[in-house]
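Below: the structure, in structure tokens.
Laboratory data are not the source of any read-out in this text; all were calculated from the coordinates shown. The shown structure was predicted, so the numbers you read here are calculated from the model rather than taken from an experiment. Here the Cβ positions follow ideal geometry from the backbone for every residue, glycine too, while neighbour counts run over all protein chains shown.
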Amino acid sequence: MKMKKNYRIAVLPGDGIGPEIMEEAVKVLSLVAEREGVTFDYKYGRIGGIAIDTDGTPLPAETIAISKEADAVMLGAVGGPKWDQNPGHLRPEAGLLGIRKELGLFANIRPATMHSSMVEASSLKPEVVSGVDLIVVRELTGGIYFGEKKRYDGPNGEVAEDQCIYHEAEVERIVRVAFDVARKRQKRLVSVDKANVLESSRLWRKVTERVAADYPDVELSHMLVDACAMQLVRAPKQFDVIVTENMFGDILSDQAAMLTGSIGMLASASLAEGSFGLYEPVHGSAPDIAGQGIANPLATILSAAMMLRLSFGMDKAADDVERAVWSVLEAGHRTGDIAADRSKAIGTKEMGRLVCEAL
Ligand code: ATP
Ligand code: MG
């Protein structure tokens with residue numbers, strides 16, 4: 001990917017802690033731009049509850065336009081008790097589902113990295129989780145989520161159907177993303193399916209084998225989803241990149257994330273065709289702590305690093321941001337969610353400042 005001089009970033013802070021954590025991520029990005037001699041053009045848009053209040057819809061047309069014109073989107077979080085009783089189309093979460101669809105995002109990428117200085121905070125065995133550094137690549141547009149759904153009366157009571165469909169082209173594009181990701185890492189890809197039972201998995205495996213011919217430098221293996229679930233808790237260090245279909249990915253990405261502990265540290269990317277992507281923390285809007293200045297901004301800052309790497313091809317800058325985060329943690333700084341001693345916890349702004357300083 002060739003680096004450009006100027007990138008347009010749509011910034012959608014959203015609700016709850018969204019604006020607080022986004023502010024720190026933007027500070028880090030601005031520092032990166034200065035160091036790298038590029039410019040980032042930020043266009044702010046409303047999404048979620050705040051957009052319901054001001055625009056009467058969780059996803060205003062203007063927000064879609066800003067996002068489509070951008071090179072990438074940074075998203076905070078949406079939702080909160082204020083809108084929980086709203087009808088479906090006026091729920092903040094409808095804005096999130098809407099924008100993912102509008103932008104054609106088909107690849108969800110969720111890293112789970114256990115840094116050495118965080119091992120002690122884990123509830124799992126140190127010898128199992130220390131050194132975990134893996135990425136789950138999940139297909140987002142196909143499978144049982146989007147197949148035909150039916151409910152009808154049969155001779156022995158009600159019947160329910162969920163169809164699971166995968167097209168060759170859908171499998172190919174997600175598997176290519178996964179191979180590309182693996183190529184930049186340890187070059188080991190595990191494709192997860194249920195090929196002993198499901199026809200869609202047998203197609204998945206066939207396509208994966210075919211695509212693998214274009215990536216002779218990446219070592220491909222296949223694993224059944226039940227075996228993968230077991231291996232993830234037994235010996236997670238064996239994994240580098242995992243690629244899988246929509247529902248298996250939903251489950252395995254949450255499982256993998258919890259190996260590394262805090263929700264306040266988990267980043268994610270959702271990619272479209274080309275280099276466009278949407279980047280957001282895995283956690284929600286955390287209404288219980290919103291406005292208090294205590295939210296952990298690291299998941300959003302690490303999501304920004306993913307944007308630098310995956311949408312802008314700024315691999316070195318991405319590494320630098322990640323290293324800055326790890327060095328701040330190594331120095332013992334913690335927000336409340338990851339602090340062993342909460343009385344010593346620092347706030348959102350201080351954490352952002354320390355990352356900038358380390359950078
Ligand atoms: P959603 O329904 O939007 O997925 P949720 O309600 O299940 O989200 P979160 O909003 O992620 O969950 O919050 C879960 C818990 O984690 C809350 O107690 C919240 O305060 C805490 N939390 C989430 N994100 C952060 C963060 N960045 N920093 C500190 N605590 C956080
Ligand atoms: Mg919630």
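Below 8 Å between Cα atoms, with a sequence gap of 6+, how large is the relative contact order for region 4-54 in percent?
Reported relative contact order: 59 percent.
When the Kirkwood radius is taken over all Cα pairs of region 22-100, what Stokes-Einstein diffusion coefficient follows at 37 °C and 0.692 mPa s, in µm²/s?
240 µm²/s
Among residues other than ALA195 whose Cβ falls under 13 Å from its Cβ, what is the net charge (Lys/Arg +1, Asp/Glu -1)?
-1
Using the 10 angstrom Cβ neighbour count as an exposure proxy, how do LYS27, LYS316 rank, fewest first?
LYS316, LYS27
Which residue fluctuates most in the GNM of the chain (Cα springs below 10 Å): LYS344, LYS237, LYS187?
Maximum fluctuation in the GNM of the chain, among the listed residues, is at LYS344.
If N is the number of residues in region 162-205, what value comes out of its Cα radius of gyration divided by 2.2 N^0.38 Å?
1.28
Tell me, what are the semi-axes, in whole angstrom and largest first, of the equivalent ellipsoid of the chain as set by the roots of 5 times the Cα gyration tensor eigenvalues?
Those come to 31, 26, 22 Å.
Which FRET efficiency, nearest 0.05, do ARG353 and HIS89 yield, Cβ-Cβ r, R0 45 Å?
0.65
Is there a quick way to get the dipole size of the chain? I mean about its Cα centre, with the Cβ of Lys and Arg at +1 and of Asp and Glu at -1; what is the value in debye to the nearest 20?
For this selection, approximately 620 debye.
For region 72-160, what is the charge dipole size about the Cα centre, in debye to the nearest 20, if Lys and Arg each add +1 at the Cβ and Asp and Glu each add -1 at the Cβ?
Dipole about the Cα centre, nearest 20: 240 debye.
Determine the gain in length on full extension of the stretch ALA160-ALA121; use 0.36 nm per residue of separation and subtract their C-alpha separation, reporting nm with one decimal.
Gain on extension, ALA160 to ALA121, equals 9.7 nm.
Where Rh denotes the Kirkwood radius from the mean inverse Cα pair distance, what is Rg over Rh for region 24-70?
Expressed as Rg/Rh, it is 1.13.
Using Cα pairs closer than 8 Å and at least 6 residues apart in sequence, work out the relative contact order for region 201-340, in percent.
Relative contact order of region 201-340: 18 percent.
What share of all Cα pairs of region 59-153, in percent, falls into each consecutive 10 Å distance bin?
12, 26, 29, 25, 8, 0
Can you give the convex hull volume of the alpha carbon atoms of region 1-160 per residue, in Å³?
Here the figure is 218 Å³ per residue.
Can you give me the three principal axis dimensions of region 216-257 from its C-alpha atoms, in Å, biggest first?
In descending order, the Cα extents are 29, 23, 18 Å.
Which of the helices in the chain meet the span-like rule: DSSP H, Cα axial reach of 15 Å or more, Kyte-Doolittle mean at least -0.5?
Going by DSSP H runs, the hits are 18-36, 92-102, 168-183, 246-259, 298-310, 315-330, 348-358.
Enter the per residue convex hull volume of region 101-219, computed from alpha-carbon coordinates, in Å³ rounded to the nearest integer.
194 Å³
What translational diffusion coefficient, in µm²/s and rounded to a whole number, does the Stokes-Einstein relation yield for region 186-239 at 4 °C and a viscosity of 1.567 mPa s, taking the hydrodynamic radius as the Kirkwood radius over Cα pairs?
Translational D for this selection: 109 µm²/s.
For region 294-359, build the charge dipole from Cβ charges (+1 Lys, Arg; -1 Asp, Glu) around the Cα centre, then report which of THR335, THR300, SER311 sits farthest towards its positive end.
Among THR335, THR300, SER311, the one farthest towards the positive end of the dipole of region 294-359 is THR335.
Two decimals is fine: what is log10 I(q)/I(0) at q = 0.22 Å⁻¹ for region 180-273, from a Debye sum with one equal scatterer on every Cα and no solvent?
Log-scaled intensity ratios, in q order: -1.31.
Going by Cα centres, region 53-118 and region 235-255 are how many Å apart?
Cα centroid to Cα centroid, the span is 23 Å.
Based on Cβ point charges of +1 for Lys and Arg and -1 for Asp and Glu, what charge dipole magnitude is obtained for region 135-234 about its Cα centre, in debye rounded to the nearest 20?
The calculated dipole for region 135-234 is roughly 520 debye.
P(r) for region 229-316, please, calculated from all Cα pair distances in 5 Å bins and given in %.
Each 5 Å bin holds this share of Cα pairs: 3, 12, 18, 21, 21, 15, 8, 2, 0.
Work out the FRET efficiency for THR39 and LYS150 from their Cβ-Cβ distance, taking R0 = 45 Å, and round it to the nearest 0.05.
It comes out at approximately 0.30.
Based on other C-beta atoms within 10 Å, arrange TRP83, TRP326 from fewest to most.
TRP326, TRP83
Using a 10 Å cut-off around each Cβ, can you sort TYR7, TYR152 from fewest to most neighbouring Cβ atoms?
TYR152, TYR7
Any idea what the relative contact order of the chain is, in percent, if you count C-alpha pairs under 8 Å spaced at least 6 apart?
It rounds to 21 percent for the chain.
Please express the Cα-Cα pair-distance distribution P(r) of region 96-145 as a list of whole percents, one per 5 Å bin, running from 0 to the bin with the greatest distance.
It works out to 4, 17, 18, 15, 10, 10, 13, 11, 1, in whole percents.
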